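The values are calculated or read from the model by the stated rules, or taken from the named source; none is laboratory data. A quick note: this is a predicted structure, and the numbers were derived from the prediction, not measured. Cβ placement follows ideal geometry from the backbone for every residue including glycine, while neighbour counts extend to all protein chains displayed. Note: accessible area is taken over every heavy atom of the protein model, side chains too, but ligands, DNA and RNA are not part of it. Shrake-Rupley method; radii C 1.70, N 1.55, O 1.52, S 1.80 Å.
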Amino acid sequence: MEQAIDILEAAGVDCRQLKEPSRKLFFFTPDRQIRMILVKPNDVPTYVEYGIADMGIVGKDTLLEEERLLYEMLDLKFGRCKLVVAGFPEKRDVWITHSHTRVATKYPNIARNYFLHKGKSVEIIKLNGSVELGPLTGLSDVIVDIVESGRTLKENGLVILEEICSVSARLVVNRVSLKMKNREIKALIDDIQRVVEERENGKVN
Ligand code: PRP
């Protein structure tokens with residue numbers, strides 16, 4: 001959220017209200033041109049698909065998991081991590097040939113699609129967090145999860161077995177809003193894109 005606010009502010013969106021300590025869930029910019037709502041990551045694609053929000057900022061992992069109908073407009077290049085299959089190092093070779101593999105994950109759709117594509121039969125066990133406990137407790141053989149620094153895996157004796165894809169924050173837009181509010185949305189996307197590109201080029205830190 002901090003990085004999202006940082007990019008929005010650099011793109012000219014006044015986010016002062018958002019940064020004030022409070023339990024409010026929606027805010028207006030001082031000119032009341034933009035309303036911002038705070039929702040859980042998994043709910044961002046839902047609010048955008050239904051047009052409650054014209055635009056949203058959300059991780060690619062959540063987009064892949066939720067499979068909502070919306071436009072992914074920009075890679076915001078923060079929140080970078082990887083979606084991986086991880087497990088005990090000694091299971092590295094065994095699990096590939098093992099006929100029945102249990103996979104613990106917060107991402108059941110991503111995991112199902114990934115293993116389906118590989119033609120591997122797996123049992124998906126949905127967890128809501130701390131999925132590294134899956135192999136540690138014997139609940140699962142492997143996990144599908146995001147890895148950023150790698151510290152959680154390392155400290156729990158797990159390793160990456162396969163990389164599924166790279167993840168970063170994305171700007172998404174409602175399909176109808178893009179047509180109906182094209183000028184305003186495109187202008188904001190252009191401003192945000194400029195900020196992202198400047199940062200990528202190292203002009204602004
Ligand atoms: C995420 C992810 C890993 C950890 C990876 O969990 O599910 O557990 O971060 O980060 P690292 O590679 O930098 O160690 P999160 O912090 O979202 O908590 P959760 O497991 O309770 O969902």
**Message:** Antiparallel versus total DSSP beta bridges in segment 81-166: what percent is that, nearest 5?
**Reply:** 60
**Asked** Kirkwood hydrodynamic radius of the chain from all distinct Cα pairs, in Å?
**Response** 18.8
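For the chain, which span is the longest to avoid every loop-located (per DSSP) member of GluC sites (Glu not before Pro) having at most 15 other Cβ atoms inside 10 Å? Don't skip to the answer; put the middle values down first.
Numbers: sites that count: GLU67, GLU148.
With GluC sites (Glu not before Pro) excluded where exposed in loops, the chain gives 68-147 as its longest stretch.
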**Message:** Counting only protein heavy atoms and a 1.4 Å probe, tell me what percentage of segment 27-165's accessible area is made up of carbon and sulfur.
**Reply:** 50
**Message:** How much accessible area per residue does segment 81-166 have, counting only protein heavy atoms and a probe of 1.4 Å, in square angstrom?
**Reply:** 55
**Prompt:** How many nm separate the modelled label positions at LYS19 and HIS117, each set 7 Å beyond the Cα in the direction of the Cβ?
**Reply:** 3.9
**Request:** Calculate the spin-label point distance for CYS165 paired with ILE5, positioning each point 7 Å from the Cα along the beta-carbon direction, and give it in nanometres.
**Result:** 3.0
**Prompt:** Loop-only check: which trypsin sites (Lys or Arg not before Pro) in segment 1-86 are DSSP coil with at most 12 other Cβ within 10 angstrom?
**Reply:** ARG23, LYS24, ARG32
**Request:** Please label the shape of segment 81-166 as rounded, prolate or oblate, based on the square roots a ≥ b ≥ c of the eigenvalues of the alpha-carbon gyration tensor (a/c under 1.5 means rounded; beyond that, a/b larger than b/c means prolate, else oblate).
**Result:** rounded
**Complete:** Mean separation of Cα contacts under 8 Å (at least 6 apart) over the residue count of the chain, i.e. the relative contact order in percent, is 29
**Message:** Quick check: pseudo-label points 7 Å beyond the Cα along Cα→Cβ at ILE37 and ARG194, how many nm apart are they?
**Reply:** 2.9
